[in-house]
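First comes the structure, then the notes that go with it.
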Amino acid sequence: MPQIFHRSTNTLSRVSIVSVLVIVGGVIGILTQINRTPYISQAYMAKQQPVQFSHKHHVGDDGIDCRYCHQTVETQASAGIPSTKTCMNCHSQLFATSPYLEPIRESWRTGKPLLWTRVHDLPDFVYFNHSIHVSKGVGCSTCHGRIDLMPQTWQVQSLQMEWCLECHRAPEKFVRPKDKIFEMEWPASGFDQAVEGPKLVKEYKIQNQNVMTSCSTCHR
Amino acid sequence: MSKNKPPMTGFRRAPLKKTIGALLLASLSLTAGACRQDMHDQPKLKTYREGADRVPPEGAVARGTLAVSAPVAEAGAAKSEFPFAITAEVLARGENRFNINCAPCHSKLGDGNGMIVQRGFKRPPSYHEERLRNSPASYFYDVMTNGFGAMASYSDKLSVEDRWKVAAYIRVLQVSHNAKIEDVPAAERAKLEAADAAAPQGGQTQ
């Protein structure tokens, strides 16, 4: 009785076993990496806003403190979106006839708030509080990047859980002195994070890793 | 089972349908997992979400502010003194709030030449002019509360307490702007003079 399979099928079977493994592994690998791309996380994607507000101009050029507009960032969960009145504090006189600012003046006349598009949209099953981060030494630019250089506003981090955990597992790599929280250029030269970080963690009484990475710390 | 059809046929068909349905559902949920729906966008009220913008009734007082604001506001009215003792912490808070909310126009020195003024906003008076140096602290409190001229009210940005603290810091600016080197405590004087020597160009004591 002749052989059913030709000798070359031995090679073929080995190659096909290996290539199936490679292809399946590759597809899984690609899928996990796609989830990390800005296409999914929306990082670096500027959002269309009712008014083309430029942080670069207001923060970078004019030097207005973050808290002039985001006034609850130190005390509440939400940093605070400024009211139309906050815009009008200056724009009652500056660019008072600019067509770009007409939506603001309309909101001022009618009392209807502007509907800004949310840039950092965390999933609803995440509990996030700005004030605790600010008071424990996490600076604005650590999460929001160089907002003073952004003509339009975009997020620079993935906002994915692995990114949150990067800091919750090792806060000493990211915390900074409390008087530097609102500084955009950070880390400053001469600041040794490896030496100062652990000291600050102790000084701020930042909880241990068990608490920081417990499910209910962020999901509640 | 009691119908005329053979029971086995009817018995078999249902689970097959169920299995296919379950498989479809499973594959659907696998693909839908990447769509950022469901749990990501829950129908609950969060800050700034539509429906969460409830306007408080007229005369509502935010929790924790009544006990502070009423007596403080009364004590300060039409007096040159402050309603509470001025400590280093009070002045530090005043400086902090001043630099955030006031400095854009009034400048960190209080001379009324802040960045917003340089951009074309109406120039506010300098704190160092005679009229304002002689004004009671409650005057600054009043302007912060109600606004004045081109300046809007800052009662939405500065709590009652903070307004008094900012007024105290305005006093600090006024005093320091007209201070002589003899006014500085001897222990601190060396520090100033050292800084002065380090920067030969800025030879003034200011």
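One line per residue, one yes/no per condition, for (1) touching a residue at least 40 places away in the same chain (Cβ under 8 Å); (2) among the hydrophobic types (A, V, I, L, M, F, W, C); (3) closer than 30 Å to B:Val55 by Cα; (4) open to solvent by 80 Å² or more (accessible area, probe 1.4 Å):
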| site | (1), (2), (3), (4) |
| --- | --- |
| A:Thr110 | no, no, yes, yes |
| A:Pro123 | no, no, yes, no |
| A:Gly139 | yes, no, no, no |
| A:Val156 | yes, yes, no, no |
| A:Phe174 | no, yes, no, no |
| A:Ile181 | yes, yes, no, no |
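For A:Cys87, the conditions (1) part of a loop (DSSP other than H, G, I, E, B); (2) surrounded by 15 or more Cβ atoms within 10 Å (Cβ to Cβ) are fulfilled apart from (1). Restricting B:Pro57, B:Pro124, B:Pro83 to residues that are more than 11 Å from chain A (Cβ to nearest Cβ), at pLDDT below 85 and farther than 30 Å from A:Ile40 by Cα narrows the list to B:Pro83. Taking the criterion of being under 20 Å from the mean Cα position of the chain (by Cα) and either closer than 23 Å to A:Glu162 by Cβ or not assigned by TED's automatic domain parsing to the domain that holds A:Lys136 (or both), the residues of region A:184-214 that qualify are A:Trp186, A:Pro187, A:Met212, A:Thr213. Could you tell me whether region A:98-112 includes any residue that is polar (S, T, N, Q) and within 30 Å of A:Ser158 (Cβ to Cβ)? Scanning region A:98-112, I find no residue that is polar (S, T, N, Q) and within 30 Å of A:Ser158 (Cβ to Cβ), so the answer is no. Of the listed requirements (1) within 14 Å of chain A (Cβ to nearest Cβ); (2) under 28 Å from A:Val73 (Cβ atoms); (3) open to solvent by 30 Å² or more (accessible area, probe 1.4 Å), B:Val172 misses just one: (1). Kindly indicate whether any position in region A:12-31 is open to solvent by 40 Å² or more (accessible area, probe 1.4 Å) and within 30 Å of A:His133 (Cα to Cα). There is no residue in region A:12-31 that is open to solvent by 40 Å² or more (accessible area, probe 1.4 Å) and within 30 Å of A:His133 (Cα to Cα).
Restricting A:Arg67, A:Arg36 to residues that are buried (at least 17 other Cβ atoms within 10 Å of the Cβ), of a type in the set (Lys, Arg) and either within 18 Å of the chain's Cα centre (by Cα) or modelled with pLDDT of 95 or more (or both) narrows the list to A:Arg67. Taking the criterion of being out of contact with any Asp or Glu (no Cβ under 7 Å at 6 or more places or on another chain) and open to solvent by less than 100 Å² (accessible area, probe 1.4 Å), the residues of region A:39-56 that qualify are A:Ile40, A:Ser41, A:Gln42, A:Ala43, A:Met45, A:Ala46, A:Lys47, A:Gln49, A:Pro50, A:Val51, A:Phe53, A:Ser54.
Checked against the criteria, A:Tyr127 does not count as more than 14 Å from chain B (Cβ to nearest Cβ) and modelled with pLDDT under 95. The number of residues in region A:72-84 that are among the hydrophobic types (A, V, I, L, M, F, W, C), at the interface with chain B (Cβ under 10 Å from one of its Cβ atoms) and either under 14 Å from A:Gln49 (Cβ atoms) or buried (at least 16 other Cβ atoms within 10 Å of the Cβ) (or both) comes to 2. Scanning region B:140-151 for residues that are surrounded by 17 or more Cβ atoms within 10 Å (Cβ to Cβ) and of a type outside the set (Asp, Glu), we see that the one that is nearest to the other protein chains (Cβ to nearest Cβ) is B:Met151.
Within region A:183-220, the only residue that satisfies the criterion of being surrounded by 11 or more Cβ atoms within 10 Å (Cβ to Cβ), charged (D, E, K, R) and assigned to a loop (DSSP other than H, G, I, E, B) is A:Glu183.
The values are calculated or read from the model by the stated rules, or taken from the named source; none is laboratory data. What you see is a predicted model; the values in this text were computed from it and never measured. All Cβ positions, even for glycine, are placed from backbone atoms using ideal geometry, and neighbour counts span all protein chains on display. SASA here: full protein model, heavy atoms, side chains in, ligands and nucleic acids out. Shrake-Rupley method; radii C 1.70, N 1.55, O 1.52, S 1.80 Å.
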